[in-house]
Amino acid sequence: VNEGSCTQASHQIAARMKAAGFTDRDITFFSVPDHPKDGGLVAVFPGSDPAAKPMLLLAHLDVVAAKRADWVRDPFKLIEEGGYYYGRGTVDDKAMAAVWADTFIRFKQDGYKPKRTIKLALTCGEETTFAFNGAEWLAKNKPDLIAAEFALNEGGGGRLDAAGNRQLLAVQVGEKASQNYTFTTTNPGGHSSQPTPANAIYELADALKAVQGYEFPVKFTDTTRAFFTMTAKGMGGEVGAAITRLLANPNDKAADALVSRDKALHSTLRTTCVATLLNAGHAENALPQKATANVNCRIFPGETVEGTAAKLKELAGPKVTVTVNQPVRPIAVPPPLDPKITGPMEAVAKTHFPGVPLLPLMSTGATDGIFLEAIGIPVYGTPGFFIDPDFGGIHGLNERIRVKSLYDGRDYLYDLVKAYAG
């Protein structure tokens, strides 16, 4: 069986923490009876200054599913090879979970006395839509346990070039909201020897082609405006010039087309919707009675699930029903581009990664940060882990992280937490 247990993992981590000197009073386990394997933990490292609000370190223990047959190596076994650690979750998000736990253990072993209380939440359910989501549960049921002035999470990082040279660091400030929609069309069907113009598959295909052909409008947040301004300076050339034009006029279609050749930049500019699953027909020799598709949207901050649904219904036309899938997660609240957060990140980076620029970034993906932001805790994706240009196979095949990147990130994040807590 490929399914592991976050509950077991959290207890194993707690055992390491207790061996370093933490007590039962410092660690709270949580789970629910109907998801016994999806538990997690919250650990508290008390600070000396009651006036200093706590900080929270967040990471998830669960990983995306992996099909063993498609991988070169066993995805569920940590393998070191050629300067890399391979395995599902080596980047997303076990590296961060391990480093946060390791940081707590090192602090205890070193006798470190922070001024600010430091909290650690290791959760489950981030990667699976209908799993028990620990971050959501804590925000709704134990908000005082995780209450913090701000949280540090996944979503930032660093990029290497093909030769392994550091190109840039990124701090995630804000993210899109992920929402799924179902397109459905139905017909009476009939014998395939006598086709009719009304065909559920063709009607669905026409709707999906309309979605494919539509570009949501270009928009900017404070974070993405800062990101694109720095990117334009760094890239230069025709793309840099096009970004500058787009910043001045988001309706410049020619500039948009040029910038959007880069899929990451394209997604950072707007809401995106894409077909991800299809199901149609019931027999080889019968006209389809029903066809459905899942359309996955990544909604730009400030836009809504309902507004996006309205646009999809307009594109799909009257023959196709568009429904909003459950669960409907909170819309991401962009945290402020706060110098009190980015300042220490830059200062510590100058020591660990001299000469590497630090950019603010809006994630085009989605994290559990949305649940904390919904209760007023701004969440920032930290820099630190440098990954290869293909993003290290995250959510894909042969996920990996350079051994050097992991340990460089470990040292950076250890000093970064101290910078905030000291």
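Within the stretch 188-200, is even one residue part of a helix (DSSP H, G or I), open to solvent by 40 Å² or more (accessible area, probe 1.4 Å) and either at pLDDT 95 or above or within 30 Å of residue 150 (Cα to Cα) (or both)? Walk me through it before giving the result.
Step one: of the stretch 188-200, the residues part of a helix (DSSP H, G or I) are 200.
Right, trim to open to solvent by 40 Å² or more (accessible area, probe 1.4 Å) and you get none.
No, the stretch 188-200 has no match at all.
Output the qualifying pairs, or none if there are none: Cβ atoms under 9 angstrom, residues six or more apart or on different chains, first residue in the stretch 227-243 and under 14 Å from residue 269 (Cα atoms) and open to solvent by less than 20 Å² (accessible area, probe 1.4 Å), second residue modelled with pLDDT of 95 or more and aromatic (Phe, Trp, Tyr).
As it stands, the answer is 228/220; 243/228, since those pairs meet every condition given.
For (1) open to solvent by 60 Å² or more (accessible area, probe 1.4 Å); (2) in a loop (DSSP other than H, G, I, E, B); (3) more than 30 Å from residue 421 (Cα to Cα), each residue gets a yes or a no:
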residue: 279; (1), (2), (3): yes, no, yes
residue: 302; (1), (2), (3): yes, yes, yes
residue: 330; (1), (2), (3): no, yes, no
residue: 345; (1), (2), (3): no, no, no
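Which of the residues that make up the stretch 394-422 are without any contact (Cβ under 8 Å) to a residue 12 or more places away in the chain and of a type in the set (Gly, Ala, Ser)?
So in the stretch 394-422, the residues without any contact (Cβ under 8 Å) to a residue 12 or more places away in the chain come out as 396, 407.
Within the stretch 394-422, just 396 meets the criteria.
Condition (residue is at positive phi, assigned to a helix (DSSP H, G or I) and not polar (S, T, N, Q)) applied to the stretch 232-248: is it met by at least one residue?
Start the filter on the stretch 232-248 by keeping residues that are at positive phi, which leaves 236-237.
After this cut, where a residue has to be assigned to a helix (DSSP H, G or I) as well, the list is 237.
Next, from what is left, pick out any that are not polar (S, T, N, Q): 237.
Looking for residues that are at positive phi, assigned to a helix (DSSP H, G or I) and not polar (S, T, N, Q), one finds at least one in the stretch 232-248, hence yes.
Is it the case, given these coordinates, that residue 118 is in contact with a Phe, Trp or Tyr (Cβ under 7 Å, 6 or more places away or on another chain), open to solvent by less than 10 Å² (accessible area, probe 1.4 Å), modelled with pLDDT of 95 or more and of a type in the set (Val, Ile, Thr)?
Values: in contact with a Phe, Trp or Tyr (Cβ under 7 Å, 6 or more places away or on another chain): yes; open to solvent by less than 10 Å² (accessible area, probe 1.4 Å): yes; modelled with pLDDT of 95 or more: yes; of a type in the set (Val, Ile, Thr): yes.
In short, yes.
Against the condition within 20 Å of the chain's Cα centre (by Cα) and within 25 Å of residue 322 (Cα to Cα), how does residue 179 come out, does it pass? Lay out the reasoning, then the answer.
Numbers: within 20 Å of the chain's Cα centre (by Cα): yes; within 25 Å of residue 322 (Cα to Cα): yes.
For residue 179, the condition - within 20 Å of the chain's Cα centre (by Cα) and within 25 Å of residue 322 (Cα to Cα) - is met.
Being out of contact with any Ser or Thr (no Cβ under 7 Å at 6 or more places or on another chain), at positive phi, in contact (Cβ under 8 Å) with a residue 24 or more places away in the chain and not charged (D, E, K, R), is that true of even one residue in the stretch 152-173?
Filtering the stretch 152-173 down to residues out of contact with any Ser or Thr (no Cβ under 7 Å at 6 or more places or on another chain) leaves 157-170.
This time we only want the ones that are at positive phi, so: 157, 164.
Filter once more, keeping what is in contact (Cβ under 8 Å) with a residue 24 or more places away in the chain: 157, 164.
Then keep just the ones that are not charged (D, E, K, R); that gives 157, 164.
Yes, some residue in the stretch 152-173 is out of contact with any Ser or Thr (no Cβ under 7 Å at 6 or more places or on another chain), at positive phi, in contact (Cβ under 8 Å) with a residue 24 or more places away in the chain and not charged (D, E, K, R).
Look at residue 373 and say whether it is of a type in the set (Asp, Glu) and either open to solvent by 50 Å² or more (accessible area, probe 1.4 Å) or touching a His at 6+ places or on another chain (Cβ under 7 Å) (or both).
Details: of a type in the set (Asp, Glu): yes; either open to solvent by 50 Å² or more (accessible area, probe 1.4 Å) or touching a His at 6+ places or on another chain (Cβ under 7 Å) (or both): no.
For residue 373, the condition - of a type in the set (Asp, Glu) and either open to solvent by 50 Å² or more (accessible area, probe 1.4 Å) or touching a His at 6+ places or on another chain (Cβ under 7 Å) (or both) - is not met.
Could you tell me which numbered condition residue 130 fails, if it satisfies all but one of (1) open to solvent by 40 Å² or more (accessible area, probe 1.4 Å); (2) touching a Ser or Thr at 6+ places or on another chain (Cβ under 6 Å)?
In the conditions (1) open to solvent by 40 Å² or more (accessible area, probe 1.4 Å); (2) touching a Ser or Thr at 6+ places or on another chain (Cβ under 6 Å), residue 130 misses (2) alone.
The values are calculated or read from the model by the stated rules, or taken from the named source; none is laboratory data. Note that the structure is predicted; figures quoted are calculated from it, not measured. Every residue, glycine as well, gets a Cβ built from its backbone with ideal geometry; the counts of neighbours run over all protein chains shown. Only protein heavy atoms, including side chains, enter the accessible area calculation; ligands, DNA and RNA are left aside. Shrake-Rupley method; radii C 1.70, N 1.55, O 1.52, S 1.80 Å.
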